[in-house]
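The values are calculated or read from the model by the stated rules, or taken from the named source; none is laboratory data. Note that the coordinates shown come from a computational prediction; the quantities given were computed from them, not determined experimentally. Every residue, glycine among them, receives a Cβ derived from its backbone with ideal geometry; neighbour counts consider all protein chains shown.
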C-alpha cells in the first residue's frame, strides 16, 4: 500500500512529486466516494427486500443504451456546423 511508482521520485522535481501525490490522493478520494455510493445503493436494496419484498427487482436495472455511431459524412457536417458557429461567435465579440 503506497504510491505506485514511488521509486521514480528520484528522477522528478519536487513539484512533479507533489502533483503525483495529489493525483494519487484525489484518486483515492474518488474511489472512497464511489464505494460509499455503492454501499448506499446496496443498503437501499436490502431495505427494499426486507420491507417490501414484492417490489424488490428481479435483476438490476439495465444500463442505458449507447447512442448510435455517426457516419463519417454526418460527423464532418456536425463539426463544420460547430466550427461555423464558433467563427460567428468570435466575429461578433471583436
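For first residues located in segment 52-75 and loosely packed, with under 10 Cβ neighbours inside 10 Å, partners that are modelled with pLDDT under 90 and assigned to a helix (DSSP H, G or I) and lie 6+ apart or on another chain with Cβ distances below 7 Å form the pairs 55/48. For beta carbons closer than 9 Å, sequence separation of 6+ or different chains, a first residue in segment 11-22 that is modelled with pLDDT under 90 and a second that is outside any helix (DSSP H, G or I) and loosely packed, with under 11 Cβ neighbours inside 10 Å, the qualifying pairs are 20/5.
Filtered by the rule that a residue be exposed (fewer than 10 other Cβ atoms within 10 Å of the Cβ) and in a helix (DSSP H, G or I), segment 7-27 gives 7, 10, 11, 14, 15.
Scan 46, 78 and give me the residue that is assigned to a helix (DSSP H, G or I), more than 30 Å from residue 6 (Cβ to Cβ) and either under 17 Å from the mean Cα position of the chain (by Cα) or modelled with pLDDT of 90 or more (or both).
46
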